[in-house]
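Take a look at the structure set out below.
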Amino acid sequence: MIKIRILSENIVTEQEKITLSQIVGDNSVISFDFDNTLVKSFSDIDKDGELVYVNGGSNTIMINLMKELINDPSKKVYLVTSRSEASEKNVGNDGVKVQLDKLGINPDGVFFTNSQPKVTKLKELGVEIHFDDDREEHADIKGSGIQSFYPDDFVEDTDQVSKVVAVTLDNKVLILKRADTGEFDIPGGHGKSGETPQFTAIRETLEETGLDLFGIKKIQSKEVEYEGRKEEITYLYAKLNNTSDMLKDDIDLDVEENTEFYFVDPQSIDDYMGNATQNLKNVGNTIKSLTIDEQMEPFQRKMAKGYSKKKKIMIGLGKNKYKSGPYNKNPSYERSKSAPPGFGGALQEMLTEIEFDLSRFVVKDELCPNFWKNEKLNSEIRKKLLEIAEDFVKDTPIEGKIEDITFTGSLAGYNYYDGSDIDLHILVDFNKEDELIKDLMNALRINWNNSHDIRIVGHEVEIYVQDSNEKHYSSGVYSISNDEWLQKPSKDSPQIDTAAVIKKAKGLSDEIDALQDEFSQEKYEKVHNSVQRLRKKLKNMRSAGLEDEGIYSIENLAFKLLRNSGQISKLMILGNDSYDYMMGYDKKDKKKRIKVKINRNLDEKRKKKKKKRKKRKKRAGYGGYYPYFDLYDGSGGASGGDSGGDGGGGE
């Protein structure tokens, strides 16, 4: 029988050891929970707003104990889970029975309580000992005559530590005051054997505060020496599921660990540094980068309401017993698009969720190891990228005229993240007479990017045709053709005036929204002229920012906010649609000032093809003709600016 140390001090002292055989003893009917007892997992929301379940490791002690008891003919071993049996068929490989088969576990029975308390089923089965991670299950079992144990009590702490910067939806950071030293700290603690750093952070935060995390992402890892032993600390970033005002009533502080809690404005974090743990000091600069304009709070309150609904959906998978499982039906996970006055909902959502996602601004300690080794691009990846570029230029006007093929953007620097694109730039020496070819290649590359979804180690390839005579802005530029750096990236952390970025983006977003209103009032000529004026303004603004302060300039980041939020695409569509209405003619509307004869003798096939093509192009963010190429990344240099999809521009 496996010998391990019981870690709960209320069972034995830290020096004592006990065997699982002593616990099981002569008891002949033993049962196990599944989620976070055998296999650890946590629920999260992906970038599309969909509910996902992430592997958080496993408890090998419990798995091995269960297998050993199954092999003992004198024992009856059951698995009792609060999952819904009806929903099992919808979860595929995440189903309990599928997972048990993978683990090689074949108990005497598998029972589903459909989110109801397990104690009734346990008594019916004659269970004498039950292992479960759920505190509420333990409370229900108490007094029933069944002994219950927490699975993590049988697992050793490791030298892996997880600490998390937990941020509310109104952008406040959760700070705790330690009970032992009185120092200010962030949530987290030692991992248990077999669990991932992310799961450790979620478990420790729940134990210390009773709060759930989502959107958890790694910031960095650091090896330290503590009390004569080496420990690896993983720092993470995660969102809390409500605003600070609402969470004050929800928090359930473990006073043996921490005596007080605070929700702190990022810009005020220095006030806590005089009495801070080293862990808090290590993430101080990271926390400061979270500063967002205070006007976000009303929007975030509405967003929190939507996430509360998501949480209610999420809690059904074997964790909270009085809710139905998430797979009983297909709920909508769509987030509310509401926003403060003056803000387009999409803009503000992208502002908080994408452009100011912490992981996009954190400078890593090394280049992305999936792509780079000893500052050289992986040879197989290099070969693939060359093949992609060659396939793209084949039979086009630029075939045979390529000066270089480069890799730029955040993946060619230290500020990459999970959603970074592979910015593949094809450099061509365009003359003044080549403007038509330049526009044609831009159209071809837009069509190629929209038609293909090529991913290399999880990152999407985006092609750009760049004029080699124009300056390109990026933190790093690597020549794939020559297999060498043209511009090595720097590890310097960007200093970003987020309030100024927000202000500039908001003003431009308001102008675009105003054009939408005028379009609805059928002021097509005015809208068309205004779009031309605004696109020129955007182009000049971004060019000036890039020339003056580079990719982290206020102007460039404001442009990226507008682009990523969909506002630039809205502007393109408004320009194209207003042009279409201006140039059209309807006999029923004699007030239209522009009269253009329309050829109505097109055959039906051509009409259908044109309609289908226009619809497809609008979905991609551009209309039926291409007057606004300079607002799409990829036109290169000061005229187009930081060309890549994420282009190293802080994303």
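Read-outs throughout are calculated quantities, based only on the coordinates presented, and are distinct from any laboratory measurement. Everything numeric here is computed off the predicted structure, so don't read it as measured data. In this analysis, Cβ positions are derived from the backbone assuming ideal geometry, glycine residues included, and neighbour counts consider all displayed protein chains.
Worth a mention:
- The protection proxy used here, the mean number of other Cβ atoms lying within 10 Å of each residue, ranks peptides 119-130, 158-169 as follows, highest first: 158-169, 119-130.
- With Cα atoms as the point set, region 178-240 shows a radius of gyration and Dmax of 12.3, 34 Å.
- Multiplying the residue separation of N55 and D365 by 0.36 nm and subtracting their alpha-carbon distance yields 109.0 nm.
- Applying 1/(1 + (r/R0)^6) with r as the Cβ-Cβ distance of Q116 and D250 and R0 = 22 angstrom yields a FRET efficiency of 0.35.
- For region 157-288, the fraction of alpha-carbon pairs in successive 10 Å shells from zero, as %: 13, 47, 35, 4, 0
- Spacing of the two label points (7 Å from each Cα toward its C-beta) at T259 and N482, in nm: 6.4 nm
- Peptide packing: for 22-32, 399-409, the average count of neighbouring Cβ atoms within 10 Å per residue gives the ranking 399-409, 22-32, highest mean first.
- Tail weight of P(r) past 24 Å, computed on alpha-carbon pairs of region 372-487, percent: 22 percent
- Distance in nm between pseudo-label sites at E387 and K281 (7 Å out along the Cβ direction from Cα): 5.1 nm
- Calculated FRET efficiency for the pair Q516/N447, C-beta based, R₀ 30 Å, to 0.05: 0.70
- For region 410-546, the relative contact order works out to 22 percent when only alpha carbon pairs closer than 8 Å and six or more residues apart are counted.
- K40 long-range amide H proximity, modeled H, under 5 Å: G56, G57, S58, N59
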